[in-house]
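Inspection log for the structure reproduced underneath, given as structure tokens.
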Amino acid sequence: MKTIAKLLVLVILISLSGNAICQEETDQPYKPVYITMTTTHWSGNPDTDFSDWLDTEKEYFDKVTSKNDLILSSGVYTHYFTPDNSEVVLVNVYKTWADIEEANEVNQKLIEEGWPDEDARDAFFEKQASYYAPDHNDEIYQSMNYMIPETGDTSKSRIFYVRSSDLAMDGEGSPEKFREYYEKVTKKSKKLKGYYTHRHLWGSNSREMSEVFVFDNLGEIEEFFDEEGKIAESVWEDEGERTAFMEEMGKLFTGKHADYVYRNVPELMK
């Protein structure tokens, strides 16, 4: 039986090269979390009735995801501005790699408890599967500790701007430059409602490192970019010094990146 994974991007830190370059200012060593991310697609069948999609997913969420303690957090994100308007991104967050497999076993037990009648259970999952196309892709990421926990009203749908960059991985760049920018610029933002980072652990692109910027509305993205520039100018007042810093930080990456904007579904957030 195919079940649907859910999503949230939760983050803490490992280095940009894959090894820890620091830990939080604590005596305890940093322990990353593990993020499974499934990108599926809405069904293209014109006869599909999506009117009860949320009710169906909420039933699964209440009976399974919310009760599985091995799933630290979860959520669902839908297309807002991405190359594919059929995208539905689903993610779960786990404490350990082993918990990913164990959580699937717990899910199966909760499914049998939630729908004890086999015929009713089969009918429910057939209905749930009908909302989605059969093709999907799966990725696993590891969290990084460049993060600003979400603030404000999280009960309403928010905008998640994702910037996915390819790491150069040639030893030329210094992760400390990225950390310095994060400490001096990103953390100083008044526009951000949240900020998370994660990088590839298993999947299609071993160079991938993503930043997730959280906003209340689309207009705040442009406002943030303006604010970011002003903060950087105040930190590195000399233009030559500022340019040199940005060039040095840029060596961490190949220069290739992609931008995506998603909207979350608050009712399905854990």
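How many residues does region 152-208 contain that are of a type in the set (Asp, Glu) and more than 19 Å from the chain's Cα centre (by Cα)?
Taking region 152-208 first, the residues of a type in the set (Asp, Glu) are 153, 166, 170, 172, 176, 180, 183, 208.
Restricting the remaining residues to those that are more than 19 Å from the chain's Cα centre (by Cα) gives 170, 172, 176, 180, 183.
The number of residues fulfilling the criteria is 5.
Modelled with pLDDT under 95 and within 17 Å of the chain's Cα centre (by Cα) - does that describe any residue in region 209-222?
Scanning region 209-222, I find no residue that is modelled with pLDDT under 95 and within 17 Å of the chain's Cα centre (by Cα), so the answer is no.
What are the residue pairs meeting all of these: first residue in region 242-270, first residue farther than 28 Å from Tyr80 by Cα, second residue at pLDDT below 95 and assigned to a loop (DSSP other than H, G, I, E, B), Cβ atoms under 6 Å, and 6 or more apart or on different chains?
Lys251/Glu172; Lys251/Gly173; Leu252/Leu16; Leu252/Gly173
Kindly indicate whether Gln142 is at pLDDT 95 or above and more than 20 Å from the chain's Cα centre (by Cα).
So Gln142 does not fit the description; no.
Can you name the condition, by its number, that Glu172 falls short on among (1) modelled with pLDDT under 95; (2) closer than 27 Å to Glu87 by Cβ?
Every listed condition holds for Glu172 apart from (2).
Among the residues that make up region 247-258, is at least one of them assigned to a strand (DSSP E or B), modelled with pLDDT of 95 or more, surrounded by fewer than 16 Cβ atoms within 10 Å (Cβ to Cβ) and of a type in the set (S, T, N, Q)?
Yes; the residues of region 247-258 include at least one that is assigned to a strand (DSSP E or B), modelled with pLDDT of 95 or more, surrounded by fewer than 16 Cβ atoms within 10 Å (Cβ to Cβ) and of a type in the set (S, T, N, Q).
Exactly one condition in (1) part of a strand (DSSP E or B); (2) under 27 Å from Leu54 (Cβ atoms) is not met by Ser165; state its number.
Result: Ser165 passes all but (2).
Determine if region 168-183 includes at least one residue that is open to solvent by 40 Å² or more (accessible area, probe 1.4 Å), touching a residue at least 12 places away in the same chain (Cβ under 8 Å) and within 25 Å of Leu268 (Cα to Cα).
Within region 168-183, none of the residues are open to solvent by 40 Å² or more (accessible area, probe 1.4 Å), touching a residue at least 12 places away in the same chain (Cβ under 8 Å) and within 25 Å of Leu268 (Cα to Cα).
Quick check: is even one residue across region 162-175 within 17 Å of Val76 (Cα to Cα) and either among the aliphatic types (A, V, I, L, M) or out of contact with any helix residue (DSSP H, G or I) (no Cβ under 8 Å at 6 or more places or on another chain) (or both)?
Scanning region 162-175, I find at least one residue that is within 17 Å of Val76 (Cα to Cα) and either among the aliphatic types (A, V, I, L, M) or out of contact with any helix residue (DSSP H, G or I) (no Cβ under 8 Å at 6 or more places or on another chain) (or both), so the answer is yes.
Among the residues of region 184-226, which ones are part of a helix (DSSP H, G or I) and either open to solvent by less than 30 Å² (accessible area, probe 1.4 Å) or in contact (Cβ under 8 Å) with a residue 60 or more places away in the chain (or both)?
Listed by number, the residues that qualify are Thr186, Glu220, Ile221, Phe224.
Which residue is nearest to Gly152 (Cα to Cα), if the candidates are limited to region 227-245 and must be in a loop (DSSP other than H, G, I, E, B) and either open to solvent by 30 Å² or more (accessible area, probe 1.4 Å) or of a type in the set (D, E, K, R) (or both)?
For region 227-245, the residue satisfying everything is Glu237.
Count, please, the residues in region 158-167 that happen to be within 20 Å of His41 (Cα to Cα) and open to solvent by 20 Å² or more (accessible area, probe 1.4 Å).
Counting residues in region 158-167 that are within 20 Å of His41 (Cα to Cα) and open to solvent by 20 Å² or more (accessible area, probe 1.4 Å) gives 1.
The values are calculated or read from the model by the stated rules, or taken from the named source; none is laboratory data. All values reported here derive from a predicted model rather than from experimental measurement. So basically every Cβ, Gly included, is an ideal-geometry build from the backbone, and we count neighbours across all protein chains shown. Note: accessible area is taken over every heavy atom of the protein model, side chains too, but ligands, DNA and RNA are not part of it. Shrake-Rupley method; radii C 1.70, N 1.55, O 1.52, S 1.80 Å.
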